[in-house]
Amino acid sequence: MMNIVEKDHWLLPVADEVQKRHERFVTRLEMIERRYGGLTAFASAYEFFGLNYDSVRKGWWYREWAPGAHYLSLFGDFNGWDRYANPLENDGNGIWSVFLPDSEYKDRFVHGSLFKVLVQSSIGEQERIPVYANRVVQDEASKDFTAQLWCPKEKYVFKHNARIPEGEPLLIYEAHVGMGQEKEGVGSYSEFIDNVLPRVKDGGYNALQIMAIAEHPYYGSFGYHVSNFFAASSRFGTPDELKRLVDTAHGLGIVVIMDLVHSHTVKNVREGINLFDGTDGQYLKTGNEGVHPQWDSRLFNYGKIETLQLLLSNVKYWLDEFHFDGFRFDGVTSMIYKNHGIGTTFDEPGKYFGNNIDNDAVTYLQLANTLIHNMKADNISIAEDVSGMPGICAPVADGGIGFDYRLGMGIPDFWIKVLKDQSDEQWNMHEFFFTMNNRLPDVKTIAYAESHDQALVGDKTIAFRLMDKEMYSSMSLDTPNYIVDRGVALHKMIRLFTICLGGEGWLNFMGNEFGHPEWIDFPRHDNGWSYKYARRQWSLADAPYLKYQWLNSFDKAMLSFVKNSHVMSANPAWLLSADEDNKTIVFERNNLVFVFNWGQKSIPDYQINVKSTGDYKIVFSTDEKRFGGFENVNPNTIFPSTKVDDKVIMNIYNVARTAVVYCPCEK
């Protein structure tokens, strides 16, 4: 019996399925090791396919796996864009190759050269971008994408490494390079280094999660419709500038996580891999199974060895070439269920196994996590899985899938429901507490109060939902406004409540820490291709006359508090009281007493239970003046506790819409 079943008897009815899941992984890994000499060697296909320099023969090899093609030829500015001058030879097993010797092309095929591959197949003749292209650029005039040879004379040399300090929780700042600037336009890797990285460091975050890195033809896809999996998006700059970004972050003590999209790919034929060799199923599933019904994209066939090699090589490429410290895997739920988890209630163990499971996708994820952690033990992998797949964060050897963390995706959905559909009087304190704690103790979870999706047009961030149009007129320090006061107070409480209860790690999307107003709207036809809302207005947080500074200061203090208190790694919280009448939650965690008054009234001499006798003091409060609070309780006040019968009680001033943390005074 696998370890995850021994630890969780709820899985006993599917113990055989868990065993089979592990056996499929072992069988596939053994085949890879036998045929390719090991997982690392197997995942090094980018050193063979695509463009690679042969230092012995002195020249460039271009190789492509295209078993359905009839003819391929390489063409570009090096041969006057003659589409037939450099045909590839069919080497067998679907592999095609051509060699460009230095003796003929040294001065023609050089750093910066543009090229494509012509593919003739059953669907005709098409100009394509090589599947393993590691640099793709777009012509400003024609908007056409083309591969580019990237071989600068001086290779970037990394100077720094980083890791999460022992004892610190994983605190992630999720960011998008292009919209990470204040100007109306596309930000660059270099601008991000200068303008955003210092903010991440100053804010107290120890991890940066970067979105939209792999090349994608449509900017407004947020980077989730990838076309070229080995090419860092050129709209933000060069590969070396991205390497410098990662290296600079490491020098600041920040690990860098890439948002990896292996759940689907664009349908685009000119830019992507769809129908590359003229067949529907080269790397992808065929027919209706190969099309995502909601994402308008194509789906990978994880059962094909060539697809496995493509994706695992992509994992190794980003870790090895760019020194990323791990990945957040997008769309894991969509990958592992044939119906993509759509409309499924996962209320019994059988729904995690059986005919609805894409077992090949599960095996791929097990292989990917094995590779990630083989390359560096403290590399990080995070699963975007809403289903709660058993063993998602358990070691592969124990019958799991091998991720380090899963995203607590139900938490942002909960806060949307609370703020959108309920009045303050309807809030349920028991539901608040148990929603934050609704996870298995051995599944490390990344908590977050709001996702980047909520920042997009059509939805609202927490700040915008709380304060809405008042943010346009009442964010000046000298403009009192009840709605803004309520919004600022609840914004702080929601974030503190979530980070202290919701998981072992934390994620914030850039700008949400200071309540960025409005929404994200990428340039498109309907807005006149405007960049007005595809940016971050950092000056709002910096302005000494605006209230955004309060939320920004609170976020810094909150992260410092959770680091120093070690509350996120402590044993689960103990609920001391859920007072529905007064909308107050009291819980204890790591010897700290947390009091959250979500209600509209302050209560003098409010009696709470504590676990031990002695005097208590305030160590953190959302009501501090530097956070826009009113400091209704003197932070220097000492609160004595008294034993009454079998209880220990303490009287406090329970301030409306305020969270206060107490700790025992040193004796």
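Of the candidates Asp404, Asp378, the single residue that is closer than 27 Å to His323 by Cβ, modelled with pLDDT of 95 or more, under 16 Å from the mean Cα position of the chain (by Cα) and surrounded by fewer than 22 Cβ atoms within 10 Å (Cβ to Cβ) is Asp404.
Applying the condition of being among the aromatic types (Phe, Trp, Tyr) and closer than 17 Å to Gly391 by Cβ to segment 1-49 and asking which residue is modelled with the lowest pLDDT yields Trp10. Can you tell me which residues in segment 578-612 are among the acidic types (Asp, Glu), touching a residue at least 24 places away in the same chain (Cβ under 8 Å) and assigned to a strand (DSSP E or B)? Correct list: Asp579, Asp605. In segment 148-160 there is no residue that is closer than 24 Å to Asp296 by Cα and in contact with a His (Cβ under 7 Å, 6 or more places away or on another chain).
Condition check for Ala66 on (1) without any contact (Cβ under 8 Å) to a residue 60 or more places away in the chain; (2) open to solvent by less than 70 Å² (accessible area, probe 1.4 Å): one failure, at (1).
Residues in segment 1-23 that are of a type in the set (D, E, K, R) and either closer than 14 Å to Val362 by Cβ or assigned to a helix (DSSP H, G or I) (or both): Glu6, Lys7, Asp16, Glu17, Lys20, Arg21, Glu23. On inspection, Phe236 qualifies as closer than 30 Å to Tyr53 by Cα and surrounded by 21 or more Cβ atoms within 10 Å (Cβ to Cβ).
Which one is farthest from Val443 (Cα to Cα) among residues in segment 9-28 that are of a type outside the set (Phe, Trp, Tyr) and crowded, with 16+ Cβ neighbours inside 10 Å?
Arg28
Tell me yes or no: at least one residue of segment 471-489 is closer than 30 Å to Gly185 by Cβ, under 23 Å from the mean Cα position of the chain (by Cα) and either surrounded by fewer than 17 Cβ atoms within 10 Å (Cβ to Cβ) or in contact (Cβ under 8 Å) with a residue 60 or more places away in the chain (or both). Within segment 471-489, none of the residues are closer than 30 Å to Gly185 by Cβ, under 23 Å from the mean Cα position of the chain (by Cα) and either surrounded by fewer than 17 Cβ atoms within 10 Å (Cβ to Cβ) or in contact (Cβ under 8 Å) with a residue 60 or more places away in the chain (or both).
Summed over segment 452-464, residues that are open to solvent by 10 Å² or more (accessible area, probe 1.4 Å) and small (Gly, Ala, Ser) total 1. Considering (1) open to solvent by 40 Å² or more (accessible area, probe 1.4 Å); (2) at negative phi, the lone condition that Phe49 does not fulfil carries the number (1). A Cβ distance below 8 Å, combined with a sequence gap of six or more or placement on separate chains, defines the contacts here; from segment 327-338, residues that are free of Cβ contacts under 8 Å to residues at least 40 places away in the same chain and within 22 Å of Ile213 (Cβ to Cβ) reach no residue that is open to solvent by 10 Å² or more (accessible area, probe 1.4 Å) and not basic (Lys, Arg). Of everything in segment 426-451 that is open to solvent by 20 Å² or more (accessible area, probe 1.4 Å), touching a residue at least 60 places away in the same chain (Cβ under 8 Å) and out of contact with any strand residue (DSSP E or B) (no Cβ under 9 Å at 6 or more places or on another chain), the residue that is farthest from Gly487 (Cα to Cα) is Asp442. Considering segment 144-173, the residues that are within 15 Å of Phe322 (Cα to Cα) and under 28 Å from the mean Cα position of the chain (by Cα) include one that is least open to solvent (accessible area, probe 1.4 Å), namely Ala162.
Among the residues of segment 613-651, those that are assigned to a strand (DSSP E or B), within 25 Å of Ala557 (Cβ to Cβ) and in contact (Cβ under 8 Å) with a residue 40 or more places away in the chain comprise Asp615, Tyr616, Lys617, Ile618, Val619, Phe620, Ser621, Met650. Do we have Tyr46 as farther than 21 Å from Asp360 by Cβ, touching a residue at least 60 places away in the same chain (Cβ under 8 Å), aromatic (Phe, Trp, Tyr) and assigned to a strand (DSSP E or B) here? Taking the combined requirement at face value, the residue does not satisfy it. Scanning segment 91-124 for residues that are surrounded by 12 or more Cβ atoms within 10 Å (Cβ to Cβ), among the small types (Gly, Ala, Ser) and assigned to a strand (DSSP E or B) returns Ser97, Ser121.
Per this entry, Phe322 is counted among residues that are under 18 Å from the mean Cα position of the chain (by Cα) and more than 29 Å from Ala15 (Cα to Cα). The set of residues from segment 292-327 being touching a Gly at 6+ places or on another chain (Cβ under 9 Å), closer than 20 Å to Trp65 by Cβ and part of a helix (DSSP H, G or I) comprises just one member, Glu306.
Look at segment 108-131: where a residue is within 14 Å of Gly68 (Cα to Cα) and a partner is of a type in the set (Asp, Glu), sitting 6+ places away or on another chain with Cβ atoms under 7 Å, you get Leu118/Glu125; Leu118/Glu127; Val119/Asp277; Ser121/Asp277.
The values are calculated or read from the model by the stated rules, or taken from the named source; none is laboratory data. Predicted model, so just to flag it, every value in this text is computed and none were measured. Note: ideal-geometry Cβ built from the backbone for every residue, glycine included; neighbour counts use all protein chains shown. Note: accessible area is taken over every heavy atom of the protein model, side chains too, but ligands, DNA and RNA are not part of it. Shrake-Rupley method; radii C 1.70, N 1.55, O 1.52, S 1.80 Å.
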